[in-house]
Amino acid sequence: MDAILERPVLTIDHLPLTIYDWSIMPNPKRRHSKARRGKRRAHDALRAPQTTLCPNCQEPRLQHRVCPKCGYYKGRQVVQVEQT
């Protein structure tokens, strides 16, 4: 019974190929053109954040955020802001 449950010890010759065996790794046959690279990167540009004017103090602020200048959100004061 014990002989059935025991697995044979594998030596280095029986190990499967690893990622370090570079002969089987896929490599590009041709260089990708600048146009192809540019098409892939077309959507990677950073955009300026959308801002709106605060209805209380008319300062630009991010949408759906408390105004950092006056502390108002949706017509009521949510955060106490120090006046400098």
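Nothing in this text is a laboratory measurement; each read-out follows from the coordinates by a stated rule. Everything quoted here is computed from the prediction, not taken from an experiment.
General observations
- Straight-line cross-link partners of residue 39 among the lysines, defined as a Cα under 26 Å from its Cα and at least 8 positions apart when in the same chain: 29.
- Under the Karplus curve 6.51 cos²θ - 1.76 cosθ + 1.60, θ = phi - 60°, whole-Hz ³J(HN,Hα) for segment 36-46, x wherever Gly or Pro sits: 5, 4, x, 5, 5, 8, 4, 9, 8, 5, 7
- Residues whose amide H lies under 5 Å from that of residue 72, counting only those 5 or more places away or on a different chain, are 67, 78; hydrogens are built 1.01 Å from N in the peptide plane.
- Computed 3J(HN,Hα) for segment 69-75, one whole-Hz value per residue from the Karplus formula 6.51 cos²θ - 1.76 cosθ + 1.60 where θ = phi - 60°, is 7, 10, x, 8, 8, 6, x, glycine and proline marked x.
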